[in-house]
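Data first, discussion second: the structure below is written as structure tokens.
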Amino acid sequence: MQARIYATQDALETAEAIKDLDYHSRMLLTDDEAADPSTKPGYYLKNANKLKLALLPADARVGICLSPEDPITFRRHVSMPANLRGCIFEKAPHLPPRYADIVTYWSGEPINANASGAVYFQNPLNEYMVDLAAISDADDDLAVLAAAPVDRLLSEGIVVCISGVEDLISDLSLRHFIEVRIPVSQDMLGVEPDDFRSDKAYDLSAEQQCERIFISVADIICSPDRDRIYIDLIRHELFDYGFFY
């Protein structure tokens with residue numbers, strides 16, 4: 001089971017428009033100022049072929065908004081942990097409890113789930129020696145290579161953590177939604193990957209473009225952990241389509 005991530009009409013249209021484009025095709029669009037999607041809502045959301053995006057209902061009841069414009073509340077509940085950024089495999093040494101179940105429920109599978117090259121771009125705070133012997137033994141046989149058992153890639157983008165969720169929803173009904181506004185840090189998400197692959201803290205300041213998502217209370221109740229949410233939500237301009245691996 002995978003939860004829906006709700007978005008506005010504008011964000012949904014952008015995400016759907018670019019979901020099948022490779023990096024170079026997206027970059028060509030940015031050359032045309034009128035067609036440039038990079039400043040539009042939805043551009044930095046994880047690829048819509050994997051993230052289960054849905055249109056926020058017109059009559060949606062938004063009970064809470066977590067926004068960097070209210071920094072005290074936002075930072076109390078929302079973070080982008082440096083040790084969960086980038087390529088995280090299932091046996092990483094510093095994973096939160098039930099991380100695999102939670103991030104998969106909210107995010108689905110990674111774009112590059114079967115790309116063994118992702119092991120070379122692991123998060124430096126959570127890397128380990130992934131066993132690639134099965135791939136080496138495949139000996140260039142594509143059928144064997146595709147079936148080779150390799151540790152599972154759990155996430156590969158900017159993971160958004162929302163904590164203290166049970167307190168947030170304690171006075172809400174199953175029909176309510178929580179709105180979360182995520183700052184888009186160009187230093188972290190642009191074409192240079194150094195900051196993305198470092199232990200640098202993510203910029204949570206309000207003076208940035210934001211992606212807005214809406215989470216259903218009903219989906220929270222059905223989730224593996226009602227008090228913590230991990231969503232592989234924000235994609236890097238290069239990593240998400242296997243540009244490096």
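Given a cut-off of under 8 Å on Cα pairs at least six residues apart, what relative contact order in percent is computed for the chain? Write out the running numbers ahead of the final one.
Numbers: 467 pairs, mean separation 75.4, N = 245.
Relative contact order comes out at 31 percent.
Which one of Val160, Val217, Leu204 is farthest out on the positive end of the charge dipole of the chain, using unit charges on Cβ (Lys, Arg +1; Asp, Glu -1) and the Cα centre as origin?
Val217
Per residue, how much accessible area does the chain show when a 1.4 Å probe rolls over the protein heavy atoms, in square angstrom?
With the other protein chains kept in place, the chain gives 47 Å² per residue.
Using protein chains only and a probe of 1.4 angstrom, how many square angstrom of Cys222 are accessible, to the nearest 10?
It works out to around 80 Å².
Mind checking the dipole of region 1-55: about its Cα centre, +1 per Lys or Arg Cβ, -1 per Asp or Glu Cβ, Debye to the nearest 20?
Dipole about the Cα centre, nearest 20: 500 debye.
Run the accessible area of the chain with a 1.4 Å probe and give the carbon-and-sulfur part as a rounded percent.
Carbon-and-sulfur percentage of accessible area, whole number: 49.
If you place +1 on the Cβ of every Lys and Arg and -1 on the Cβ of every Asp and Glu, how big does the dipole about the Cα centre of the chain come out, in debye to the nearest 20?
Once rounded to the nearest 20, the dipole reads 880 debye.
How much mean residue ellipticity at 222 nm does the chain get from its helices, if each DSSP H run of length 4 or more adds -39500 (n - 2.57) and you divide by all residues, to the nearest 500 deg cm²/dmol?
-6000 deg cm²/dmol
Using a 1.4 Å probe and ignoring any ligands, DNA or RNA, find the accessible area of Arg235 and quote it in Å² to the nearest 10.
We get 10 Å² for Arg235.
May I ask for the percentage of alpha-carbon pairs in region 44-125 that lie more than 16 Å from each other?
Distances greater than 16 Å cover 68 percent of the Cα pairs.
Can you find, among Val78, Gly42, Leu56, the residue farthest towards the positive end of the dipole of region 38-108? Put +1 on the C-beta of Lys and Arg, -1 on that of Asp and Glu.
Gly42
Cα to Cα, under 17 Å, and not fewer than 8 places away if on the same chain: which aspartates and glutamates meet these conditions relative to Lys200?
Here the aspartates and glutamates satisfying the reach criterion relative to Lys200 are Glu127, Glu156, Asp187, Glu192.
Just by accessible area at a 1.4 angstrom probe, what is the order of Leu29, Leu172, Leu55, Leu238 from largest to smallest?
So, going from the largest accessible area down, we get Leu55, Leu29, Leu172, Leu238.
For Cα pairs less than 8 Å apart in space and 6+ apart in sequence, what is the mean separation divided by the residue count of region 1-99, i.e. the relative contact order in percent?
Result for region 1-99 is 30 percent.
Counting each pair of different Cα atoms once, what's the Kirkwood radius of the chain in Å, rounded to one decimal? It would help to have the intermediate numbers written out before the result.
Details: mean 1/r = 0.0536 Å⁻¹.
In the chain this quantity evaluates to 18.6 Å.
The values are calculated or read from the model by the stated rules, or taken from the named source; none is laboratory data. Only a predicted model underlies this, so the values are computations on that prediction, with no experimental measurement involved. Heads up, the Cβs are rebuilt from the backbone with ideal geometry, glycines too, and the neighbour counts pull from every protein chain shown. Protein only, heavy atoms only, side chains kept; ligands, DNA and RNA dropped before computing areas. Shrake-Rupley method; radii C 1.70, N 1.55, O 1.52, S 1.80 Å.
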